[in-house]
Amino acid sequence: MNEDINPWQVLSTEEKYDNPWINVTEYQVINPSGGRGIYGKIHYKNHALGILPLDDEMNVWLVGQYRFVLDQYSWEIPEGGGPFGIDPLESAKRELLEETGLTAQKWSLLQTMHLSNSVGNEFARIYLAQGLKQGEAEPEETEDLQLKKVPFEEAYQMALDGRITDSMAVASLLRLKILLLENALP
């Protein structure tokens, strides 16, 4: 298989839905096996951003909120979106302050990932925030957030046992654990 050749043939496209955050398009296609079908794509209009705040005592801050789409409560790292055209790190700093009231002196890119590449093109950047200082949170009107400071090892166990299921939170906690085991913390 040649990784540079797209085996999908697009016959037509039709926009099905559009709002300020996403666009949904339906494609009539010929799939890699030669059969006709449809494929839906969600195009995201912002950077996906996650922040793993880590203090000098190896505590992390988690954000809890009821997620409308899941119809359940979710513990996560601080997350949000940043407009294209604005430095993702600047948007991440804004998100951390909004959701937690924290500011950080040191920022490192921890992980990049596609969040659901079978249906969407959302690309995430996850940052490690260190040198933390507590201020006042400024949540958006759609956010009813609970903030919880936990030891890193406890948060890591929450990711392993399924108490944390958010993809950016799980990925960042696993990545940080690897960096700690390799003694390679940025």
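A short reminder: the numbers here are calculations on the coordinates, not readings from a lab. Note that the coordinates shown come from a computational prediction; the quantities given were computed from them, not determined experimentally. Every residue, glycine among them, receives a Cβ derived from its backbone with ideal geometry; neighbour counts consider all protein chains shown.
Okay, here's what the table says:
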quantity: Exclusive hit being farther than 21 Å from R67 by Cβ, touching a Leu at 6+ places or on another chain (Cβ under 8 Å) and in contact (Cβ under 8 Å) with a residue 40 or more places away in the chain, set S108, S172, S167; calculated: S108
quantity: Output for region 146-186, where each listed residue is in a helix (DSSP H, G or I) and either more than 22 Å from S108 (Cα to Cα) or among the acidic types (D, E) (or both); calculated: E153, E154, Q157, M158, L160, D161
quantity: Complete set of residues in region 111-135 that are closer than 23 Å to L180 by Cα and either touching a residue at least 24 places away in the same chain (Cβ under 8 Å) or of a type in the set (F, W, Y) (or both); calculated: Q111, M113, A124, R125, I126, Y127, L128, A129, Q130, G131, L132, K133
quantity: Test: residue in region 15-23 that is of a type in the set (S, T, N, Q), in contact (Cβ under 8 Å) with a residue 40 or more places away in the chain and touching a strand residue (DSSP E or B) at 6+ places or on another chain (Cβ under 9 Å); calculated: no
quantity: Region 97-143, residues that are surrounded by fewer than 17 Cβ atoms within 10 Å (Cβ to Cβ), of a type in the set (V, I, T) and farther than 19 Å from P83 by Cα; calculated: T103, V119
quantity: 3 or more residues surrounded by 21 or more Cβ atoms within 10 Å (Cβ to Cβ): qualifying strands (runs of 3 or more DSSP E) within region 26-81; calculated: 46-53, 59-67
quantity: Selection count, region 86-102, where residues are under 14 Å from A124 (Cα atoms) and hydroxyl-bearing (S, T, Y); calculated: 1
